[in-house]
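Okay, so here's the structure we're looking at.
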Amino acid sequence: MKESKSAKLNQLQQQENHQNAHLSPSKLAKLFDPDASWDKDQLGDVLHWIRQVVGLISGLLWGSIPLVGGIWIILFLAISSGIVYGYYAMILKVDEEDFGGHAALLQEGLFASLTLFLLAWILVYSLAHF
Amino acid sequence: MATAIPLFASFKYADSLTVVGISFCTALVCEAISWILIYRTSSYKSLKSSIDKASKKLETMKTDNPSSKLTNKKSKTKKIDRVESSLKESSRDLSLFKFKSGAVVALVLFVVFGLLNSLFEGKVVAKLPFHPITIVRKMSHRGLKGDDSTDCSMAFLYLLCSISIRTNLQKFLGFSPPRGAAGAGGLFPMPDPKTN
C-alpha cells in the first residue's frame with residue numbers, strides 16, 4: 001500500500017518536472033490510461049476542456065439543423081454531463097472521492113460550457129436561417 | 001475589410017458577429033491588463049506557488065491517514081491546522097491582489113458595454129432558437145420594442161460572450177486561480193469540519 005503511494009508521489013513529481021514539455025504521445029496516451037495517476041488540477045482542466053468542446057460542437061450542430069425550443073438546452077446538459085461522467089468513471093476509472101466527489105467533477109466548466117453552447121447555437125441559428 | 005463588408009451585409013444579423021468580435025477583443029484587453037498589474041509581478045508568482053504547495057500538502061496529509069497512535073494523530077491534526085491557516089492567509093492576500101486589477105477590468109467592461117449599448121440600442125442583433133423564461137427575457141429583450149421574445153438584444157449576447165470567452169481565455173492562458181485558493185477563499189468558505 002505504502003509502496004504504491006510513494007510510487008504515485010514520484011509520478012506526480014515527474015509530471016510536475018515535465019509540465020512545461022510539449023504535448024507528447026505519452027501525454028495523449030495518459031488521457032485514456034485508467035492506471036495513470038491524476039492531480040486534481042489536471043483532471044479538472046481536462047474535464048473543463050471536454051465540456052467546452054462538447055458545448056461548441058453541440059451549439060454549432062443545434063444551430064445548423066436547426067433545433068428550436070428550450071428542450072434542447074436540457075438535452076445538451078444531459079449529453080455533456082453524460083460524456084464527462086463516462087470519461088472519468090469508465091475510461092479513466094478514477095475514484096471520484098479522491099477529487100471531491102461526483103458533484104465537483106461534473107461541475108467543472110459547466111457554466112462556461114453552457115454559455116459557449118448558447119452563444120454558438122444563437123449565432124449559427126441567427127446567421128444561417130434568417 | 002473591404003471584401004468582408006459584402007459578406008457581412010448578406011447576413012440579416014451580422015451585428016451579432018460585431019458584438020462577439022468586440023467582446024473577444026475586450027477579453028484580450030482585460031487579460032493584458034491583469035497580466036500587467038498582477039501576473040507578471042514576482043510577489044504574485046511566489047504567492048501562487050505557496051498556495052499550490054500548501055494545497056497539495058494539505059491534500060496529501062488528509063488522504064495519508066493510516067490508523068496511527070493517539071499522539072501521532074494529535075500532532076498531525078496540529079500540522080493540518082497550521083497548513084490550513086497558512087493557505088487561508090495566502091488566499092486572502094491573493095484576493096487583495098486581484099481586487100486591484102478587478103477594478104480596472106470592471107471599468108473596461110463597463111465602458112465597452114456602454115459603447116455597444118449606444119451602437120445597438122433598440123436593435124435586434126440575433127434571433128433566439130428558444131423562448132426565454134421571464135427572468136432571462138428581461139436581459140435578452142432589454143431595450144427592444146415589440147413582444148417577440150425570441151428577439152435577442154445586445155445585452156444578452158454580450159453577457160454570454162463575457163462569460164464563455166473570458167472564462168476560457170483565462171483557462172487557456174493559465175490565469176485562472178489555483179483551485180486550493182478558490183476552495184479556501186471562495187464566497188462561501190466551507191465550515192471547518194473539526195469544529196462541527
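The values are calculated or read from the model by the stated rules, or taken from the named source; none is laboratory data. As the structure is a prediction and not an experimental result, all values here were calculated from the model. Don't worry about glycine lacking a Cβ; one is built from the backbone with ideal geometry, like all the others, and counts go over all protein chains shown.
Key figures
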item: Qualifying positions in region B:133-148 - within 13 Å of another protein chain (Cβ to nearest Cβ) and touching a Phe, Trp or Tyr at 6+ places or on another chain (Cβ under 8 Å); result: B:Val136, B:Met139, B:Ser140
item: Among the candidates B:Leu107, B:Leu128, residue that is under 21 Å from B:Ser162 (Cα atoms) and within 14 Å of another protein chain (Cβ to nearest Cβ); result: B:Leu128
item: Residue count for region B:158-176, restricted to those that are in contact (Cβ under 8 Å) with a residue 24 or more places away in the chain and facing chain A (nearest Cβ under 7 Å); result: 1
item: Top-ranked residue of region B:10-35 - restricted to ones that are away from chain A (no Cβ under 14 Å) and free of Cβ contacts under 8 Å to residues at least 40 places away in the same chain, ranked as surrounded by the most Cβ atoms within 10 Å (Cβ to Cβ); result: B:Cys25
item: Number of positions in region A:83-119 that are in contact (Cβ under 8 Å) with a residue 24 or more places away in the chain, over 10 Å from the mean Cα position of the chain (by Cα), part of a helix (DSSP H, G or I) and more than 9 Å from chain B (Cβ to nearest Cβ); result: 2
item: Some residue of region B:64-73 being modelled with pLDDT under 90, assigned to a loop (DSSP other than H, G, I, E, B) and either among the acidic types (Asp, Glu) or crowded, with 16+ Cβ neighbours inside 10 Å (or both); result: yes
item: Filter result for the condition that a residue is within 14 Å of chain A (Cβ to nearest Cβ) and either out of contact with any Ser or Thr (no Cβ under 8 Å at 6 or more places or on another chain) or of a type in the set (Asp, Glu) (or both), over B:Lys57, B:Lys45; result: B:Lys57
item: In region B:137-191, the residues that are assigned to a loop (DSSP other than H, G, I, E, B), closer than 23 Å to B:Lys123 by Cα and at pLDDT below 90; result: B:Arg142, B:Lys145, B:Asp147
